[in-house]
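Quick notes on the structure that follows.
Each value in this text was obtained by applying a stated rule to the coordinates, not by laboratory testing. Keep in mind that this is a model prediction, so the values were computed, not measured. All Cβ positions, even for glycine, are placed from backbone atoms using ideal geometry, and neighbour counts span all protein chains on display.
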Amino acid sequence: MESALKPFRVLAYIVGVMLLVLCGGMVLRYGFDIPGPSKVISPIHGGLYMLYLVAVMNLGMKARWAWPYMLGVMLGGTVPFLSFYVERRVTQRVATAAEA
């Protein structure tokens, strides 16, 4: 499961940071009428989020998670700062399962 955990952890952090950057781009777009940064950041974040979903599916299948739990982990990449929390909880869960 370690082979699936590492890509998930990396992508969780990357998606979390990109989501925060995207929020900044949205503030510039709608608060200051500067649309340029969000036009660049949005598709990059979208592509990285799709990779995150694949990583969650890979880890979830190997760890034999229930679908509702896997869906909750997937949604962790949609709320600012939540992906960092979800990553930590998933890592602890996988470590606990590996010890058992």
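Just the residues that are hydrophobic (A, V, I, L, M, F, W, C) and part of a helix (DSSP H, G or I), please, taken from the stretch 76-100.
Leu82, Phe84, Val86, Val90, Val94, Ala95, Ala97, Ala98 - these are the residues of the stretch 76-100 that are hydrophobic (A, V, I, L, M, F, W, C) and part of a helix (DSSP H, G or I).
In the stretch 19-31, is there at least one residue being within 28 Å of Gln92 (Cα to Cα), in contact with a Leu (Cβ under 8 Å, 6 or more places away or on another chain) and buried (at least 17 other Cβ atoms within 10 Å of the Cβ)?
no
Of all residues in the stretch 46-100, which are free of Cβ contacts under 8 Å to residues at least 12 places away in the same chain and of a type in the set (Ser, Thr, Tyr)?
Within the stretch 46-100, Tyr69, Tyr85, Thr96 meet the criteria.
Of all residues in the stretch 11-57, count the ones that are part of a helix (DSSP H, G or I) and over 18 Å from Thr78 (Cβ atoms). Show your work before the answer.
Narrowing the stretch 11-57 to residues part of a helix (DSSP H, G or I): 11-32, 36-57.
Next, only the ones that are over 18 Å from Thr78 (Cβ atoms) stay: 28-32, 36-37, 39-40.
So the answer is 9.
Output yes when any residue across the stretch 39-53 is among the hydroxyl-bearing types (Ser, Thr, Tyr) and within 15 Å of Lys6 (Cα to Cα), and no when none is.
Filtering the stretch 39-53 for residues among the hydroxyl-bearing types (Ser, Thr, Tyr) gives 42, 49, 52.
Checking which are within 15 Å of Lys6 (Cα to Cα) leaves us with 52.
Looking for residues that are among the hydroxyl-bearing types (Ser, Thr, Tyr) and within 15 Å of Lys6 (Cα to Cα), one finds at least one in the stretch 39-53, hence yes.
Read through the list (1) exposed (fewer than 15 other Cβ atoms within 10 Å of the Cβ); (2) hydrophobic (A, V, I, L, M, F, W, C); (3) over 30 Å from Glu99 (Cα atoms), then give the number of the only condition that Val10 fails.
(3)
Report the residue count in the stretch 1-51 for those that are among the aliphatic types (A, V, I, L, M) and either within 19 Å of Lys62 (Cα to Cα) or touching a strand residue (DSSP E or B) at 6+ places or on another chain (Cβ under 9 Å) (or both).
8
Looking at the stretch 34-84, which of the residues that are aromatic (Phe, Trp, Tyr) and more than 15 Å from Ile14 (Cβ to Cβ) is nearest to the chain's Cα centre (by Cα)?
Tyr69
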